[in-house]
Amino acid sequence: MEILNNIPLQIEHEEVLQSLKLGKKGPSMGEMVRDALDTLMPLAKPKVLYKESYIGKRGDSTVEIDGVEFKSGILVKNLENTERVFPYVVTAGRELEGIEVSKTDMMKVFLYDALKELILERAFCFFEDYLKSKFALDLISHMNPGSLTDWPVSQQKRLFQLFGDVEPLIGVRLTPSYLMDPIKSVSGIYFPTEVSFQSCMLCKRPSCPKRRAPYDPEMAKQYKGEEQGLH
């Protein structure tokens, strides 16, 4: 098990304006973005918790990882040709949760949320590159509990069991509804693969702001429960 807590972050003012499509909103918007960066970036301490784990017993719709059983036909299929996986939890950091923003200031709420999401995204990309480099992996894919109904968010509890008590390690805890706190956190399992896989490829939901890949009907035919796959 390893914790990555010295993750390089460099987010530029112009980059934020472009990514949020705010470039033509006038000088006042530019100042708001600068203020948001000046407030958040000194406090940002994103973290990654991951481990190298091994496959145990396999069933038609269940697979054991380090002795913990997970139930998902799609996960089973994705792991059928590997013996080693990498469970993970990535967070933008609890340090950002202490910043108070008036709910009536809708633009500031929007900017802070978007910047936290960007910080999380940078940490996740750093982790993926680190994982591929350290373990000499050419192509890896991942699955997240709750991204498909075949692997519901309740399985998050089992994923956290692989690490023991996550909160004192990187500040992330599970709520009674199995969501993560802080909310700007992601968890899942990385696995070596020969074909790129994204849960989005099995999801027919027409409009999703977090879609990373288009629905692939041919791939969906290869997986059990694909008709139920929803973000």
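The values are calculated or read from the model by the stated rules, or taken from the named source; none is laboratory data. Here the structure is a predicted model, which means the values were calculated and not measured. In this analysis, Cβ positions are derived from the backbone assuming ideal geometry, glycine residues included, and neighbour counts consider all displayed protein chains.
Taking VAL16 as the residue in question, decide whether it is surrounded by 14 or more Cβ atoms within 10 Å (Cβ to Cβ), at pLDDT 90 or above and aliphatic (A, V, I, L, M). In short, no. What about TYR130, is it surrounded by 15 or more Cβ atoms within 10 Å (Cβ to Cβ) and modelled with pLDDT of 95 or more? So TYR130 passes the test.
Please pick out the residue among ARG34, ARG84, ARG58 that is without any contact (Cβ under 8 Å) to a residue 24 or more places away in the chain and within 30 Å of ILE7 (Cα to Cα).
Values: ARG84 fails: without any contact (Cβ under 8 Å) to a residue 24 or more places away in the chain; ARG58 fails: within 30 Å of ILE7 (Cα to Cα).
Matching residue, one of ARG34, ARG84, ARG58: ARG34.
Counting only residues that are modelled with pLDDT under 70 and either outside any loop (DSSP other than H, G, I, E, B) or surrounded by 15 or more Cβ atoms within 10 Å (Cβ to Cβ) (or both), the range 19-30 holds 2 of them.
Just one of the listed residues (LYS57, LYS47, LYS51, LYS77) is under 20 Å from the mean Cα position of the chain (by Cα), surrounded by fewer than 20 Cβ atoms within 10 Å (Cβ to Cβ) and at pLDDT 85 or above, and it is LYS51.
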